[in-house]
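Undergrad: One structure coming up, written as structure tokens, with questions to follow.
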Amino acid sequence: MLLEGKTAIVTGASGGIGKAVAIALAKEGAAVAVHFHGNEEKALLVKKEIEEAGGKAEIFRGKVADFEECNALVKAVAKTFGSIDILVNNAGISQSTSFYNYQPEEFQKIVDLNVTAVFNCSQAAAKIMKEQGGGVILNTSSMVSIYGQPSGCGYPASKFAVNGLTKSLARELGCDNIRVNAVAPGITRTDMVAALPEAVIKPLIATIPLGRVGEPEDIANAFLFLASDMASYVTGEILSVDGAARS
């Protein structure tokens, strides 16, 4: 098992990509802290699925965009499991608001959760990882951080910031044996995408050379690789998992 004896935190793990990542890490032996903020019922279902497959998981509630609350969350995970070897910063929000209609508070909200929360969790976890002798920090980026999107500029801007944070932390934390990478998913079959009508989905698929949208498990496999020792010499990378979509 690739992650036997490791402990992982997955933020935003109650559904979609976060759920798939949490389950993938657990299947390879990691004890997983399933983080959620609002939907405890979904988080409990993820925990149950992991445990029924023979894995180990606990749920943790917290507002990761809040510095003090985030630090308390990370410390609670370390106390419960005894270590933190892998952090997956997955919690985030998206929107498609027109630039002309963007309100300052809406822009600030997306920056808080998509960027500030990544900083908060990474700093709290890195301090523990340094004392342990190393660890892995993985961030969820997006293909739109590279190519932009027609509306909702806050989301690609926030993910571009995540890319910059990823590359900078990789350089700064490498001396402490902490690897930092990001995964940039393309169009993925989350609940939001699954709810789109066929008339919307077809043109999106037409931009993808592989001819399909990604599954959460496709994204989770990329996280699993980067979390494992198979990627022991990989750091500072933004791994695109988008079927070669370029739009």
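The values are calculated or read from the model by the stated rules, or taken from the named source; none is laboratory data. Note that this is a predicted model, so its numbers are computed, not measured. No Cβ is skipped: glycine too gets one built from the backbone with ideal geometry, and neighbour counts run over all protein chains shown. SASA here: full protein model, heavy atoms, side chains in, ligands and nucleic acids out. Shrake-Rupley method; radii C 1.70, N 1.55, O 1.52, S 1.80 Å.
Undergrad: Assuming I137 fulfils every condition listed in (1) closer than 19 Å to A31 by Cα; (2) in a helix (DSSP H, G or I); (3) of a type in the set (A, V, I, L, M, F, W, C) apart from one, which condition is it?
TA: Looking at each condition in turn, I137 falls short on (2).
Undergrad: While we're looking at this one, here's another question. Open to solvent by less than 70 Å² (accessible area, probe 1.4 Å), at pLDDT below 95 and of a type outside the set (S, T, Y): is that true of Q123 in this structure?
TA: No: the conditions fail for Q123.
Conditions (1) touching a Ser or Thr at 6+ places or on another chain (Cβ under 8 Å); (2) at pLDDT below 95; (3) farther than 30 Å from C153 by Cβ, marked per residue:
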site: I17; (1), (2), (3): yes, no, no
site: K27; (1), (2), (3): no, no, yes
site: N39; (1), (2), (3): yes, yes, no
site: V77; (1), (2), (3): yes, no, yes
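Undergrad: Does A22 satisfy the criteria of being within 14 Å of the chain's Cα centre (by Cα), under 22 Å from V136 (Cβ atoms) and assigned to a helix (DSSP H, G or I)?
TA: yes
Undergrad: Search the range 91-106 for residues that are farther than 22 Å from C121 by Cα and pair each with any residue that is surrounded by 14 or more Cβ atoms within 10 Å (Cβ to Cβ) and of a type in the set (F, W, Y) when their beta-carbon atoms are under 9 Å apart and the residues are at least 6 apart or on different chains.
TA: The qualifying pairs are Q95/Y155; S96/Y155; T97/F107.
Undergrad: Just need a number here: residues in the range 26-46 that are touching a Leu at 6+ places or on another chain (Cβ under 6 Å), open to solvent by less than 10 Å² (accessible area, probe 1.4 Å) and farther than 16 Å from L73 by Cβ.
TA: 1
Undergrad: Okay, next question. Across the range 68-82, which residue is farthest from V21 (Cα to Cα) among those that are crowded, with 16+ Cβ neighbours inside 10 Å and in contact with a helix residue (DSSP H, G or I) (Cβ under 9 Å, 6 or more places away or on another chain)?
TA: N71
Undergrad: Separate question: Return the only residue of S94, S83 being more than 24 Å from Y155 (Cβ to Cβ) and assigned to a loop (DSSP other than H, G, I, E, B).
TA: S83
Undergrad: Restricting attention to the range 107-120, report how many residues are open to solvent by 40 Å² or more (accessible area, probe 1.4 Å) and touching a helix residue (DSSP H, G or I) at 6+ places or on another chain (Cβ under 7 Å).
TA: Of the residues in the range 107-120, 2 are open to solvent by 40 Å² or more (accessible area, probe 1.4 Å) and touching a helix residue (DSSP H, G or I) at 6+ places or on another chain (Cβ under 7 Å).
Undergrad: When you go through K63, K56 one by one, which is the residue that is under 17 Å from the mean Cα position of the chain (by Cα) and open to solvent by 30 Å² or more (accessible area, probe 1.4 Å)?
TA: Answer to the check: K63.
Undergrad: Related question: Return the total of residues in the range 213-247 being out of contact with any Gly (no Cβ under 7 Å at 6 or more places or on another chain) and either in a strand (DSSP E or B) or not small (G, A, S) (or both).
TA: Residues flagged as out of contact with any Gly (no Cβ under 7 Å at 6 or more places or on another chain) and either in a strand (DSSP E or B) or not small (G, A, S) (or both) within the range 213-247 amount to 19.
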